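Beneath this line is the structure, given in structure tokens, with notes to follow.
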Amino acid sequence: MRTVLQTALAAALILAGLCLAPAQLQAQTGTAGATGSVKSQHGAWAVVCDQPAGAATEQCALLQNVVAEDRPEIGLSVVALKTADQKARILRILAPLGILLPNGLGLYVDGKDIGRAQFVRCFQDGCYAEVILEQKLLDTLTSGKMATFIVFQTPEQGIGIPVDLNGFGEGFAALK
């Protein structure tokens, strides 16, 4: 049986391929870990690259997998990437199944409330939240020390998952 981190890593590797349709994403989730490779390490972050089926070039993403300190069954994959055409920057978070979707995903950086992102879709490996990585958010993540992503199991019960921002800026700059 796969661990939460193995499943999250496999799914996060697929996130580098932006051209995949949802059905292709589901079909490849099980094999993603075998094809992606870590190209460089930047503090707590890894640049992971893969060449999606049909893509002319390899695509890379900045990745960190984390688990809640007091809830080892609750893990996230945090992925930052540039689209293949280099026109957009995206922050995607894979959260486990079983979380409360209407509350979205909260984000704090160094104790400051940054806001919430809504979940956009769920697959068998978890649910995805996605935001455009605007310059202000990119600067906040680059200069910050610690981010905390909040998922909810009930409307009243938020679970904070710490994400080390050490190396985020350097890693994001290294993306092709």
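The values are calculated or read from the model by the stated rules, or taken from the named source; none is laboratory data. None of these values were measured; they are calculated from a predicted model. FYI the Cβ positions are ideal-geometry reconstructions off the backbone, even for glycines, and counts take in every protein chain you see.
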Within region 66-101, residues more than 18 Å from Phe123 (Cα to Cα) and not aliphatic (A, V, I, L, M) come out as Glu69, Asp70, Arg71, Pro72, Lys82, Thr83, Asp85, Gln86, Lys87, Arg89
Pairs only if they're at least six apart or on different chains, beta carbon under 6 angstrom, first in region 138-149 and over 12 Å from Gly43 (Cβ atoms), second assigned to a strand (DSSP E or B) and among the small types (Gly, Ala, Ser); list them, first residue then second.
Thr148/Gly160
Apart from one, (1) surrounded by 15 or more Cβ atoms within 10 Å (Cβ to Cβ); (2) closer than 15 Å to Val163 by Cα; (3) over 13 Å from the mean Cα position of the chain (by Cα) all hold for Trp45; the odd one out is (3)
Kindly provide the set of residues from region 149-176 that are modelled with pLDDT under 95, of a type outside the set (Ser, Thr, Tyr) and in a loop (DSSP other than H, G, I, E, B), ordered by number.
Gln153, Pro155, Glu156, Gln157, Leu175, Lys176
Residues in region 42-58: is at least one of a type in the set (Ser, Thr, Tyr) and modelled with pLDDT of 85 or more?
no
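Can you pull out the residues in region 55-111 that are within 19 Å of Met146 (Cβ to Cβ) and of a type in the set (D, E, K, R)?
Taking region 55-111 and keeping what is within 19 Å of Met146 (Cβ to Cβ), we get 62-71, 74-80, 91, 93, 95, 105-111.
Of everything in region 55-111, those that are within 19 Å of Met146 (Cβ to Cβ) and of a type in the set (D, E, K, R) turn out to be Glu69, Asp70, Arg71, Asp110.
Answer yes or no as to whether Val38 is assigned to a strand (DSSP E or B), in contact with a strand residue (DSSP E or B) (Cβ under 9 Å, 6 or more places away or on another chain), modelled with pLDDT under 95 and among the aliphatic types (A, V, I, L, M).
Spelling it out, Val38 is indeed assigned to a strand (DSSP E or B), in contact with a strand residue (DSSP E or B) (Cβ under 9 Å, 6 or more places away or on another chain), modelled with pLDDT under 95 and among the aliphatic types (A, V, I, L, M).
Of these, Ala84, Ala80, Ala55, which one is of a type outside the set (S, T, N, Q), in a loop (DSSP other than H, G, I, E, B), crowded, with 17+ Cβ neighbours inside 10 Å and out of contact with any Asp or Glu (no Cβ under 9 Å at 6 or more places or on another chain)? Before you say what the answer is, go through the steps one by one.
Details: Ala80 fails: in a loop (DSSP other than H, G, I, E, B); Ala55 fails: crowded, with 17+ Cβ neighbours inside 10 Å.
Going through Ala84, Ala80, Ala55 in turn, just one is of a type outside the set (S, T, N, Q), in a loop (DSSP other than H, G, I, E, B), crowded, with 17+ Cβ neighbours inside 10 Å and out of contact with any Asp or Glu (no Cβ under 9 Å at 6 or more places or on another chain): Ala84.
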What's the number of the condition Phe123 fails, among (1) in contact (Cβ under 8 Å) with a residue 60 or more places away in the chain; (2) crowded, with 18+ Cβ neighbours inside 10 Å; (3) over 16 Å from Ile159 (Cα atoms)?
(2)
Do any residues in region 93-119 that are surrounded by 15 or more Cβ atoms within 10 Å (Cβ to Cβ) have Cβ atoms under 9 Å from those of residues that are of a type in the set (Lys, Arg), where the two are at least six apart or on different chains, and which pairs are they?
Asn103/Arg116; Gly104/Arg116; Leu105/Arg116; Gly106/Arg116; Leu107/Arg116; Val109/Lys145
Restricting region 126-148 to residues that are in a strand (DSSP E or B) and among the hydrophobic types (A, V, I, L, M, F, W, C), the one surrounded by the fewest Cβ atoms within 10 Å (Cβ to Cβ) turns out to be Ile132
